[in-house]
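Student: Before I ask anything, let me first share the structure, which is written out below as structure tokens.
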């Protein structure tokens, strides 16, 4: 079996995988990072979104061996030194989650949106999240959370200047 | 008011683990020595199993065992049951055919489990499943409920596939009213079949301990005790006291995780068969489409009789309900007691009669899905009333207002068995019309017309019966179980409070809401309360979460247990304060001798209960009280939804421009959580109206079997909602005055959307009102001669 080596949440990891092992399987079963979820088998639901080299990726559409040498960030790696990321904080404050199953994917997907566009409109948020399904919230509070996080991150960026 | 008590929009305490990726769902659990199960399912809607050859599968590396229906039967495993007896109008029992946990001789729907392959790894189990040889002889199938009566028999012992032919109401009174009616409005419609699609697929891990002979099942369940009961009493997987069911974090349910399914029974049994190694199964999404119980699927004819002034005289309804290939756990009750009993709606219609025929077909079993029967009733009534308004040339709001049960008429006995306790339907209608700027609609319609768009506005005044259920009523109507709820309040030495509840949270936020209740009632800090649920080994026997019952029934059990704590504490406080118990008052966590400043905090009293240095005679040590609550009545949340849409006649696409919801849920404990529940319900209701529909071809193959084919509502399909929960009329059915909020959105929204669409394009199209259907309808009405 091939060995794969990558950096996950800042830590170098390696493991033996079958060629057919998906990245999401490697993260969940190989590394025990179960915050990344599997909600479908057609790459539609977005529950498994992680960041690979800074881009949001559905971890069920990528083989583990394709992530050789990559920097991977999962939901477990988002809260830097114990303090919640503004997106995590905003989802909590705005009731942006109910059952929590889609939440890691929603947050990881929204993260790339805010990296690309720090000040998205409601319509832009809704369009961006087209690849992430939620059955609980009707998206209302998810959209509100992302907009709140965007505002908080802009505020923090201005304060840092 | 206590900080973070009743009425406060407290952000949820359960959030932290979910936003940091530390939730613990069933599929996140991996046990030492674990094996993996894959179910082999029928590819045919209807077939005879000629033979099953296990050899090929058993030869696959890593495969440990293959079990079939014959193996399960030989081992004494029973079948799944439907737990609610519905009788036909001739008095005969419903015809519930056997439902083996693995098919024996016949398969009856695509996805019907035939065998299970257990292997060291999931991939090996998949490879083993591929290698299993099953020889089928295909049989003719029936999928549509309209074709069921004269279709091929799904179960040979059930003539015409007819499970029951049930009625409710006074047929003679309805006939008499129709005979003298000035006008009769008729509508035939389809209630589209839906797939629940909780984002977390179902999963189960069964473990048998060969030492203690105890079974543990980790399961995606809304009601672990109900699972344990059915799996022991009927399926005979294990004696009830030797079976522990754990429902850890559960990723949404919407009804689909109430039911006792084949797979959890099989993996639990299989663990014993293979010597006690854990057996883990997680469904693929494509399995979820085929095997999780579907919702709705009615064909209905409804007639409303009115006098010349627009007063409703009578309602007559005939419905055919598709229950699929087997009767799921609560399937029988959904198109009967959860449907026809709601046909009075918010109106004083004096005579109502409903006839419901339920059929078997070669499709996935159908059972309760968010709203369960009540969306079907609400849609029927609210679209029919709109049709009546159009035919009478009346404003739909005014026709409703004219026929509302007036607010001084409560308690109100409907002609379809229910007694509504409170409500003020005009108040919610008025508020909704104002928030939606109903008056200003004609101007907006005219403006849209200038842009070539068709704009419409639609109302829906729904009602539901929640807080399921008064046990004696439910049992007298055929329920096989009581529907009370339980709670235990366990205080610790240091004054912390553990709340053990029989309800189960799978997104509803019970850990927060229940903590608020206890903080308010006991006067302890919200942070000192911990809610524990979902494990039959630790929680009191409870009936679980569905039918918007957790707060109205489970919450009241918690309140009652709190009251027992307070009462016991009063005896201890009286002793400590050297006063008579009658002189002790309790408020905000403090026992006080009336009229003095002598006091003890509840924490001091709790400590004394565990360290009884000086203690009242005859009082047991400890502070740990249980309570059960059986509600005296249902609760009746009601409200008005207003939807405004714009249709592009060139493409048939619909944009929801505004959606206003005004709900009367009685008293609201956590407004943020309640609004979230409404948002989710609205999304599912809008999904039913515009996007979602399970489609079978005539051979019984599910054409909408993945997210590629079944249109789930996405963020850019939906608007932001305007949700309001006042004015509310608190119920007296529980001490909190709460009615339940989990299903309202899914119940009220479909009619509001369809009425708005009908208003925009001039005719009603069936749900889901897809752009294609709308485009065809618009074209047909624009060119009547071309359509003919």
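The values are calculated or read from the model by the stated rules, or taken from the named source; none is laboratory data. Computed from a predicted structure; not experimentally measured. Here Cβ is always computed from backbone atoms with ideal geometry, including for glycine, and neighbour counts include all displayed protein chains.
Student: Go through (1) surrounded by 24 or more Cβ atoms within 10 Å (Cβ to Cβ); (2) touching a helix residue (DSSP H, G or I) at 6+ places or on another chain (Cβ under 8 Å); (3) closer than 30 Å to residue B:79 by Cα and name the single condition residue B:304 misses.
Tutor: (3)
Student: Which of the strands (runs of 3 or more DSSP E) found entirely inside segment B:434-539 contain at least 1 residues meeting this: in contact with a strand residue (DSSP E or B) (Cβ under 9 Å, 6 or more places away or on another chain), farther than 27 Å from residue B:674 by Cβ and not assigned by TED's automatic domain parsing to the domain that holds residue B:748?
Tutor: In segment B:434-539, B:485-491 are the strands (runs of 3 or more DSSP E) which contain 1 or more residues that are in contact with a strand residue (DSSP E or B) (Cβ under 9 Å, 6 or more places away or on another chain), farther than 27 Å from residue B:674 by Cβ and not assigned by TED's automatic domain parsing to the domain that holds residue B:748.
Student: Does segment A:72-84 contain any residue that is at the interface with another protein chain (Cβ under 8 Å from one of its Cβ atoms), under 22 Å from residue B:718 (Cα atoms) and free of Cβ contacts under 8 Å to residues at least 24 places away in the same chain?
Tutor: no
Student: Among what's in segment A:114-124 and is surrounded by 13 or more Cβ atoms within 10 Å (Cβ to Cβ) and not in a loop (DSSP other than H, G, I, E, B), pick the residue that is farthest from the other protein chains (Cβ to nearest Cβ).
Tutor: Per the stated criteria, the residue is A:115.
Student: For segment A:59-76, which residues satisfy the criterion of being surrounded by 21 or more Cβ atoms within 10 Å (Cβ to Cβ) and closer than 15 Å to residue A:109 by Cα?
Tutor: Those that are surrounded by 21 or more Cβ atoms within 10 Å (Cβ to Cβ) and closer than 15 Å to residue A:109 by Cα: A:59, A:60, A:72, A:74, A:75.
Student: Where the second residue is at pLDDT 95 or above and part of a strand (DSSP E or B) and the first is more than 30 Å from residue B:154 (Cα to Cα) and lies in segment B:42-64, which pairs have Cβ atoms under 7 Å and are six or more apart or on separate chains?
Tutor: The qualifying pairs are B:56/B:133; B:58/B:66; B:62/B:119; B:63/B:117; B:63/B:119; B:64/B:35; B:64/B:118; B:64/B:119.
Student: Determine whether residue B:689 is in contact (Cβ under 8 Å) with a residue 60 or more places away in the chain, outside any loop (DSSP other than H, G, I, E, B) and under 30 Å from residue B:517 (Cα atoms).
Tutor: Judged against the criteria, residue B:689 is not a match.
Student: Taking the conditions exactly as written (surrounded by fewer than 18 Cβ atoms within 10 Å (Cβ to Cβ), touching a strand residue (DSSP E or B) at 6+ places or on another chain (Cβ under 6 Å) and within 13 Å of another protein chain (Cβ to nearest Cβ)), does residue B:661 satisfy them or not?
Tutor: no
Student: One residue is enough: does segment B:727-744 have a residue meeting the conditions under 22 Å from residue B:435 (Cα atoms), within 11 Å of chain A (Cβ to nearest Cβ), in contact (Cβ under 8 Å) with a residue 40 or more places away in the chain and part of a helix (DSSP H, G or I)?
Tutor: So far as segment B:727-744 goes, no, none of its residues is under 22 Å from residue B:435 (Cα atoms), within 11 Å of chain A (Cβ to nearest Cβ), in contact (Cβ under 8 Å) with a residue 40 or more places away in the chain and part of a helix (DSSP H, G or I).
Student: While we're on this one: Can you tell me which residue among A:99, A:134 is within 23 Å of residue B:201 (Cβ to Cβ) and touching a strand residue (DSSP E or B) at 6+ places or on another chain (Cβ under 9 Å)?
Tutor: A:99
Student: Of all residues in segment B:374-387, which are crowded, with 24+ Cβ neighbours inside 10 Å and either in contact with a helix residue (DSSP H, G or I) (Cβ under 7 Å, 6 or more places away or on another chain) or more than 30 Å from residue B:81 (Cβ to Cβ) (or both)?
Tutor: Across segment B:374-387, the qualifying residues are B:374, B:375, B:377, B:378, B:379, B:381, B:382, B:385, B:386.
Student: Just to be sure I understand, how many residues within segment B:217-262 are away from every other protein chain (no Cβ under 14 Å), closer than 18 Å to residue B:28 by Cα and surrounded by fewer than 24 Cβ atoms within 10 Å (Cβ to Cβ)?
Tutor: Counting residues in segment B:217-262 that are away from every other protein chain (no Cβ under 14 Å), closer than 18 Å to residue B:28 by Cα and surrounded by fewer than 24 Cβ atoms within 10 Å (Cβ to Cβ) gives 1.
The rows are residues; the columns are (1) under 17 Å from the mean Cα position of the chain (by Cα); (2) assigned to a strand (DSSP E or B); (3) farther than 20 Å from residue B:679 by Cβ; (4) outside the structural domain of residue A:27 (by TED's automatic domain parsing).
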{"position": "A:65", "(1), (2), (3), (4)": "no, no, yes, no"}
{"position": "A:99", "(1), (2), (3), (4)": "yes, no, no, yes"}
{"position": "A:107", "(1), (2), (3), (4)": "yes, no, no, yes"}
{"position": "A:112", "(1), (2), (3), (4)": "yes, no, yes, yes"}
{"position": "A:126", "(1), (2), (3), (4)": "yes, no, no, yes"}
{"position": "A:141", "(1), (2), (3), (4)": "no, no, no, yes"}
{"position": "A:146", "(1), (2), (3), (4)": "yes, no, no, yes"}
{"position": "A:151", "(1), (2), (3), (4)": "no, no, yes, yes"}
{"position": "A:156", "(1), (2), (3), (4)": "no, no, yes, yes"}
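Student: OK, next. Within the group B:52, B:29, which residue is within 11 Å of chain A (Cβ to nearest Cβ), surrounded by fewer than 23 Cβ atoms within 10 Å (Cβ to Cβ) and within 23 Å of residue B:235 (Cβ to Cβ)?
Tutor: After ruling out the rest, the residue left standing is B:29.
Student: Being within 18 Å of residue A:47 (Cβ to Cβ) and in contact (Cβ under 8 Å) with a residue 60 or more places away in the chain is the filter; apply it to segment B:701-718 and report the residue that is nearest to the other protein chains (Cβ to nearest Cβ).
Tutor: Only one residue fits best here, namely B:707.
Student: While we're here: Within segment A:1-52, can you find the residues that are free of Cβ contacts under 8 Å to residues at least 60 places away in the same chain, in a strand (DSSP E or B) and farther than 30 Å from residue B:708 by Cα?
Tutor: Within segment A:1-52, A:3, A:11, A:12, A:13, A:14, A:15, A:16 qualify.
Student: Within segment B:753-765, identify whether any single residue is surrounded by 24 or more Cβ atoms within 10 Å (Cβ to Cβ) and within 14 Å of chain A (Cβ to nearest Cβ), and answer yes or no.
Tutor: Checked segment B:753-765: at least one residue is surrounded by 24 or more Cβ atoms within 10 Å (Cβ to Cβ) and within 14 Å of chain A (Cβ to nearest Cβ).
Student: Hey, another quick one. May I ask you to say which residue of B:765, B:778, B:723 is in a strand (DSSP E or B) and either assigned by TED's automatic domain parsing to the domain that holds residue B:442 or under 25 Å from residue B:664 (Cβ atoms) (or both)?
Tutor: B:723 is the lone residue from the list that is in a strand (DSSP E or B) and either assigned by TED's automatic domain parsing to the domain that holds residue B:442 or under 25 Å from residue B:664 (Cβ atoms) (or both).
Student: Still on this structure, I have one more. Condition first: more than 9 Å from chain A (Cβ to nearest Cβ) and in contact with a strand residue (DSSP E or B) (Cβ under 7 Å, 6 or more places away or on another chain). Now tell me which residues in segment B:10-26 satisfy that.
Tutor: Residue satisfying the conditions is B:26 alone.
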